[in-house]
Amino acid sequence: MSKRAKAGDVKRAVAYIRVSTDEQSLGPDAQRAAILAWAVAQGVTVTSWHADLGVSGGLSPERRPALLAALDALTATGSGLLVASKRDRLGRDLVGTALLERLAERAGARVVTADGIGAGDTPEAGLMRGLVDAFAQYERLVIKARTKAALNVKRNRGERTGQLPFGYGLDPDGVRLVALPAEQAVINRVHSLRADGVTMRAIVARLNADGAPCRGSRWHLSLVARLSRVAVAA
């Protein structure tokens, strides 16, 4: 059983940001601003920033690359706090959020949020955190149920459902998937760079610097990680 690390400095914090694909009410910029405002008010220095973009809060900590990096950064920077803007940014699964707090404790840190809800070590504060986590999980399940119902309606109408995977588009009839050469070239480049031992973060930097075709404003670690597991079209 792993031992708890030496307690980190509570005036140093590692910041974590998360945005999923189906909830954009609090984007990364807004989360960053909330954390910065909290840090200034508390006299805390943010030692590093980590963002999981397009990642569901229902995923366990080990399936979120940026969260794992944030946990590692706690020990590396001697930080005593892991901060998010709100509890639901940490996750929308009771078990996963509890595991996250345990992992932070083992790194000598504790989890806090910029909104201050459930702050403190009192029984009342612990109860509030539990209630917030429970409602976050409930909201995720409601969104999932509504999405499933909406997709069933579309399928019954004969409409296409689901997002087109990167590297593919629809044929002129809007029925079959066809490979898009420019995007397939990006996938091939990701595979080639990974085969050469280039890190995911370095690949993200190269794609952004070169202006590689992207479905969005810029490349992010989560998408590159996904593409590294996608086969190139024949």
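Tabulated results
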| read-out | value |
| --- | --- |
| Given (1) free of Cβ contacts under 8 Å to residues at least 24 places away in the same chain; (2) among the charged types (D, E, K, R); (3) surrounded by 14 or more Cβ atoms within 10 Å (Cβ to Cβ), index of the condition Arg64 fails | (1) |
| Filter result (exposed (fewer than 14 other Cβ atoms within 10 Å of the Cβ) and not in a helix (DSSP H, G or I)) within segment 87-116 | Gly116 |
| Residue check, Arg89 within 17 Å of the chain's Cα centre (by Cα) and under 18 Å from Ala39 (Cβ atoms) | yes |
| One residue from Val198, Val190 being assigned to a loop (DSSP other than H, G, I, E, B) and surrounded by 12 or more Cβ atoms within 10 Å (Cβ to Cβ) | Val198 |
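Every number in this text was worked out from the coordinates using simple rules, so none of it is lab data. What you see is a predicted model, and the numbers here were worked out from it, not measured in a lab. Every residue, glycine as well, gets a Cβ built from its backbone with ideal geometry; the counts of neighbours run over all protein chains shown.
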